[in-house]
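Please read the structure below before turning to the comments.
The values are calculated or read from the model by the stated rules, or taken from the named source; none is laboratory data. Since this is a predicted model, take the numbers as computed values, not measurements. Positions of Cβ are backbone-derived with ideal geometry, glycine not excepted, and every protein chain shown enters the neighbour counts. Note: accessible area is taken over every heavy atom of the protein model, side chains too, but ligands, DNA and RNA are not part of it. Shrake-Rupley method; radii C 1.70, N 1.55, O 1.52, S 1.80 Å.
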Amino acid sequence: QVPLVESGGGLVQAGGSLRLSCAASGTIFRKILGWYRQAPGKQRQFVASITTGGSTDFADSVKDRFTISRDYAKNTMYLQMNSLKSEDTAVYYCTAGSVRGRSPDYWGQGTQVTVSS
């Protein structure tokens, strides 16, 4: 069973919005969850995280534009991305098991987000 499965990526114009979803198995969903992204030719970087209690953390580059949430009834986490910029173009990965600065225990397969200018 794949522990984390992302969906919702795609192509959007600059200024637009997308919502990414991450479905997780039960035990993994009860960990701290997050999102990382990797743009072509760049290192993977932290985007956002949410604890089991709902506390959130965001990279400065996405603060005030992205929100993160989790639905315990659906075992699904969401990343709502607004006011998208071309520099947000990347493969986005759902993660579980750690806070910013520590390597997550689990990674999804990634979903491509492309923002056209």
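The condition of being closer than 18 Å to S7 by Cβ, open to solvent by 80 Å² or more (accessible area, probe 1.4 Å) and touching a residue at least 12 places away in the same chain (Cβ under 8 Å) holds for K74. One residue is enough: does the stretch 61-72 have a residue meeting the conditions β-branched (V, I, T), more than 15 Å from the chain's Cα centre (by Cα), over 15 Å from A96 (Cβ atoms) and modelled with pLDDT of 95 or more? No, the stretch 61-72 contains no residue that is β-branched (V, I, T), more than 15 Å from the chain's Cα centre (by Cα), over 15 Å from A96 (Cβ atoms) and modelled with pLDDT of 95 or more. Taking first residues from the stretch 16-38 that are touching a residue at least 40 places away in the same chain (Cβ under 8 Å) and partners that are buried (at least 17 other Cβ atoms within 10 Å of the Cβ) and of a type in the set (K, R), the Cβ contacts under 8 Å between residues at least 6 apart in sequence or on separate chains come to F29/R70; L33/R70. Each residue in the stretch 3-13 was checked for being on the phi > 0 side of the Ramachandran plot and either open to solvent by less than 30 Å² (accessible area, probe 1.4 Å) or assigned to a strand (DSSP E or B) (or both), and 1 pass. Please verify whether the stretch 14-25 includes one or more residues that are assigned to a strand (DSSP E or B), open to solvent by 60 Å² or more (accessible area, probe 1.4 Å), out of contact with any helix residue (DSSP H, G or I) (no Cβ under 9 Å at 6 or more places or on another chain) and modelled with pLDDT of 95 or more. Among the residues of the stretch 14-25, at least one is assigned to a strand (DSSP E or B), open to solvent by 60 Å² or more (accessible area, probe 1.4 Å), out of contact with any helix residue (DSSP H, G or I) (no Cβ under 9 Å at 6 or more places or on another chain) and modelled with pLDDT of 95 or more, which makes the answer yes.
Results for (1) of a type outside the set (G, A, S); (2) open to solvent by 10 Å² or more (accessible area, probe 1.4 Å); (3) in contact with a His (Cβ under 7 Å, 6 or more places away or on another chain), shown as yes or no for each residue.
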{"site": "G53", "(1), (2), (3)": "no, yes, no"}
{"site": "T56", "(1), (2), (3)": "yes, yes, no"}
{"site": "I68", "(1), (2), (3)": "yes, yes, no"}
{"site": "T89", "(1), (2), (3)": "yes, yes, no"}
{"site": "A96", "(1), (2), (3)": "no, no, no"}
{"site": "S103", "(1), (2), (3)": "no, yes, no"}
{"site": "Q109", "(1), (2), (3)": "yes, yes, no"}
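Candidates in the stretch 77-87 are the residues that are touching a residue at least 60 places away in the same chain (Cβ under 8 Å) and not aliphatic (A, V, I, L, M); of these, the one that is most open to solvent (accessible area, probe 1.4 Å) is K85.
The requirement of being at pLDDT 95 or above and among the aromatic types (F, W, Y) is fulfilled somewhere in the stretch 36-43, by at least one residue. Here G16, G54, G26 are screened, and the one residue that is small (G, A, S), closer than 22 Å to S117 by Cβ and over 12 Å from the mean Cα position of the chain (by Cα) is G16.
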